[in-house]
Each structure stands twice: as structure tokens, then as C-alpha cells.
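The values are calculated or read from the model by the stated rules, or taken from the named source; none is laboratory data. Small disclaimer: the values here were computed from a predicted structure and weren't measured. All Cβ positions, even for glycine, are placed from backbone atoms using ideal geometry, and neighbour counts span all protein chains on display. For accessibility, only protein heavy atoms count, side chains too; no ligands or nucleic acids. Shrake-Rupley method; radii C 1.70, N 1.55, O 1.52, S 1.80 Å.
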Amino acid sequence: QVQLVESGGALVQPVESLRLSCAASGNILSIYAMNWYRQAPGKQRELVAVITSDGSTNYANSVKGRFTLSRDNAANTGYMQMNILKPGDAAAYYCTADIVLVSGELLDSWGQGTQDPVSS
């Protein structure tokens, strides 16, 4: 059983700073990448940022220089620090993860609420 839980979300307003957390739990061997998305009401989903297992990061131009990703591999947790927030940053934020299970199975872009396909 694998769960991915995002926490730290709040109403985003200009000049506000927030930190979001994305924690994975279950029979996890490692997490290759964590992907951060956002979607404003009536708008299309946007990929905000990605962090890979070696700590390499990529950011959308809209958040570059303002958002920063980090990760704690021992805790299977990623973080997104959001600074210098703008009105355009108002959205629902969520994360997915590319997870390798102890069984060797790969869960690609595993998201919160996704049904676990691996049986016991």
C-alpha cells in the first residue's frame, strides 16, 4: 500500500510565502522524482516544478527565481518553498511522485488518491 499526501496548502495572496510538503509512505525503496502541479479554477493544469533523485530541479518560467524545491530522502518527503507570491500563483497545488517499491515495481507519477495497483 502506497500513499502520497500533500500538506501545507493555503489561500495564496500577493507577497505571501508558503511551504508545501509532499510525503510518500508505504513499501517504498526510493523516489526518483517529485512533480509539482497547480490548477486555478477554470484554468488548465500547469506543471510548476520537478526535482529528481540527485537533487536536480526544473522550474516553470512563471515561478523561476521565486519557488525552490528540496527533498528529504530519509523521510520520502519533498518540499516546495514559494516566495514573492503573485496573484497568478493562486491555485490548487498538488504533487505526484515516481516511486520504486521494494518489490521492484515502478509507480509512475503516483498521485494522492490513486488506487494502489500492487496487491499483497
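At-a-glance table
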read-out	value
Residue satisfying condition, being touching a residue at least 24 places away in the same chain (Cβ under 8 Å), under 15 Å from Gly111 (Cα atoms) and open to solvent by 50 Å² or more (accessible area, probe 1.4 Å), within set Gln39, Gln81	Gln39
Residue match in the stretch 59-74 (condition: open to solvent by 50 Å² or more (accessible area, probe 1.4 Å), assigned to a helix (DSSP H, G or I), touching a residue at least 24 places away in the same chain (Cβ under 8 Å) and closer than 21 Å to Val2 by Cα)	yes
Scan of the stretch 65-88 for residues that are among the charged types (D, E, K, R) and more than 12 Å from Ala24 (Cα to Cα), ordered by number	Arg66, Lys86
Count of residues meeting criterion [buried (at least 19 other Cβ atoms within 10 Å of the Cβ) and modelled with pLDDT under 90] in the stretch 95-116	2
